[in-house]
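**Q** Below are the structure tokens for one structure; questions will follow.
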Amino acid sequence: MNLVYIHTHDSGRYWQPYGAPVCMPETMRFAEEGLLFRNAFTAAPTCSPSRAAMLTGRAAHSSGMLGLAHRGFSLADPEMHLSAFLRRNGFETVLAGVQHEAADDKDLSYERIISDPVLKNSPEADLVNAGRAAAYLREAHERPFFLSFGMFSTHRPYPDHRAYGIDPESVKPPFPAADNEATRADMADYTSSALIADRSAGIVLDALKESGAYDDTVVLMTTDHGLAWPRMKCTLYDTGIGVALILRVPGMKRAGQQTDRLVSQVDLFPTICDLLGLEKPAGLQGVSLLPVIEEDRPVRDAVFAEVNYHAAYQPMRCVRTERYKLIRRYGEAEKIVWPNIDDSPAKEQLYAAVKENGTGEDGPVAAPVEEFYDLLKDPEEQEDRISDPAYAEDIASLRAGMKHWMKETEDPLLLNGGIVPRPAGAVVNRKSCYSPTEKDYEA
């Protein structure tokens, strides 16, 4: 068996197979051939930590990736990475396009890096790198291969919707953004980016089929976390931690089906081991999804997620079951840390509204240390029930579960008195910044 890993940036579940009003015919075709997970969650809704958790099979803090790779954060041991593991097991490991688990592509264990050396972080780069990945797949292969095809799409900045014929008046901004002219135009731009991601994925999938290796290849298609809009990316609400995940296994009985089973992206590493017939390395914290894939049997009753550093420091943890969600903040509990929200029209509007109420640049917006939601009654997480005595037992159970997970994974918040230490040389914005692009860093 070979493995092809296709991944986008900042897409959440805003893909057509999940009901989003985005035209993605190639992804729809792939969903008809694979198993679609409707309740898959990232372990960390920020770029590098989410990918590090997924590709090491460990919580982000257990992998060492506490913040963004390009800002000086790194894996504790690159040999934990899936590419290093598969290379040790005889696979030819190849990177085409984006990775975000190391500051330099060469710091990871890919035998071949076939990404375009000039075009980077752009829609054009995605299409070019898709062509390079396709060319690789059409080559003759003497060993099983692992191809990681990473796209910049749907990261900001988005392409201009006018170049792709998307009418802003025909789109609707995602919850919880306001629906107005500026946000519709921005969403039209996102839609254009999703279209490019879909075309790029189609190029790779078509080449895999043409090569004759499709029926000998496990294909995984996913994203890292929610959209780069307020209350999504870098938050622990479902709009931040919910991710698209489609998995195709040759000969799978449940092709074209969907599952509502609760899964975490840390479960993918042990699942890949089982699918490829490889002995699991020590230290994995995920569980194999084979029971879900084969018989739709549950494998876990809760998932966990975290934020430590993004542009700024904002330590948070959450535990989510099928019905309930508990979020806990540490340190200075601030609900809105502006540099941790990517710049956008929706952010500008939110900032103006907050400032109008006497906060904004004049001070932080206070937040509760804990939030609790009944997702069956309140799937949009709008009614915090942390003080409702009717949920006291459920809240206590989730608190205990989170504490157990933090102890088991040696969470630095427990080891350092409620603080996640910043590595030497890592670059972090002050919370007083508005934009992550500001050059105002903590000493």
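**Q** For the range 288-324, give me each residue that is surrounded by fewer than 24 Cβ atoms within 10 Å (Cβ to Cβ), part of a strand (DSSP E or B) and among the charged types (D, E, K, R).
**A** Arg317 - this is the single residue of the range 288-324 that is surrounded by fewer than 24 Cβ atoms within 10 Å (Cβ to Cβ), part of a strand (DSSP E or B) and among the charged types (D, E, K, R).
**Q** If you don't mind, another one. Report, ordered by the first and then the second residue, all pairs with beta carbons closer than 9 Å, sequence separation of six or more or different chains, a first member in the range 255-280 that is aromatic (Phe, Trp, Tyr), and a second member that is outside any loop (DSSP other than H, G, I, E, B) and buried (at least 17 other Cβ atoms within 10 Å of the Cβ).
**A** Phe269/Met54; Phe269/Leu55; Phe269/Thr56; Phe269/Leu82; Phe269/Phe85
**Q** Just give me the residues in the range 50-88 being more than 22 Å from Thr8 (Cβ to Cβ) and among the polar types (S, T, N, Q), in sequence order.
**A** Passing the criteria: Ser62, Ser74.
**Q** A follow-up question, please. Within the range 233-251, identify whether any single residue is out of contact with any Cys (no Cβ under 6 Å at 6 or more places or on another chain), part of a strand (DSSP E or B), basic (Lys, Arg) and under 28 Å from His81 (Cβ atoms), and answer yes or no.
**A** Yes, there is a match, as at least one residue in the range 233-251 is out of contact with any Cys (no Cβ under 6 Å at 6 or more places or on another chain), part of a strand (DSSP E or B), basic (Lys, Arg) and under 28 Å from His81 (Cβ atoms).
**Q** While we're here: Looking only at the range 1-37, filter to residues that are hydroxyl-bearing (Ser, Thr, Tyr) and not in a loop (DSSP other than H, G, I, E, B); which one of those is nearest to Ser153 (Cα to Cα)?
**A** The residue in question is Thr8.
**Q** Starting from residues that are among the hydroxyl-bearing types (Ser, Thr, Tyr) and not in a helix (DSSP H, G or I), keep the ones in the range 182-222 and report whichever is farthest from the chain's Cα centre (by Cα).
**A** Applying the filter and picking the extreme gives Thr217.
**Q** Among the residues of the range 225-234, write down those that are under 9 Å from the mean Cα position of the chain (by Cα) and either outside the structural domain of Arg143 (by TED's automatic domain parsing) or more than 16 Å from Tyr190 (Cα to Cα) (or both).
**A** Once the filter is applied, which keeps residues that are under 9 Å from the mean Cα position of the chain (by Cα) and either outside the structural domain of Arg143 (by TED's automatic domain parsing) or more than 16 Å from Tyr190 (Cα to Cα) (or both), the range 225-234 yields nothing.
**Q** On to the next question. Being over 22 Å from His225 (Cα atoms) and touching a Pro at 6+ places or on another chain (Cβ under 7 Å), is that true of even one residue in the range 302-309?
**A** Among the residues of the range 302-309, not one is over 22 Å from His225 (Cα atoms) and touching a Pro at 6+ places or on another chain (Cβ under 7 Å), which makes the answer no.
**Q** From Ala185, Ala135, which residue is under 30 Å from Ile341 (Cβ atoms) and touching a residue at least 40 places away in the same chain (Cβ under 8 Å)?
**A** Among Ala185, Ala135, only Ala185 is under 30 Å from Ile341 (Cβ atoms) and touching a residue at least 40 places away in the same chain (Cβ under 8 Å).
**Q** Would you call Thr183 of a type in the set (Val, Ile, Thr) and either touching a Cys at 6+ places or on another chain (Cβ under 6 Å) or crowded, with 24+ Cβ neighbours inside 10 Å (or both)?
**A** So Thr183 fails the test.
**Q** Find the helices (runs of 4 or more DSSP H) located wholly in the range 334-435 whose residues include 3 or more that are in contact (Cβ under 8 Å) with a residue 12 or more places away in the chain, and list them.
**A** The qualifying helices (runs of 4 or more DSSP H) are 345-356, 392-408.
**Q** Out of Ala163, Ala194, Ala178, I need the residue that is surrounded by 20 or more Cβ atoms within 10 Å (Cβ to Cβ) and touching a residue at least 12 places away in the same chain (Cβ under 8 Å). Which one?
**A** Of Ala163, Ala194, Ala178, the one residue that is surrounded by 20 or more Cβ atoms within 10 Å (Cβ to Cβ) and touching a residue at least 12 places away in the same chain (Cβ under 8 Å) is Ala194.
**Q** Then there's this: Identify, please: which residue in the range 49-103 is outside any strand (DSSP E or B) and of a type in the set (D, E, K, R) and is, among those, farthest from Pro144 (Cα to Cα)?
**A** Arg71
**Q** For Val171, state whether it is crowded, with 21+ Cβ neighbours inside 10 Å, of a type in the set (A, V, I, L, M, F, W, C) and over 24 Å from Thr239 (Cα atoms).
**A** Answer is no for this residue.
The values are calculated or read from the model by the stated rules, or taken from the named source; none is laboratory data. Keep in mind that what you see is a predicted model, and the values were worked out from it rather than measured. Because the Cβ atoms are built from the backbone with ideal geometry, glycine has one as well, and the counts that use them run over all protein chains shown.
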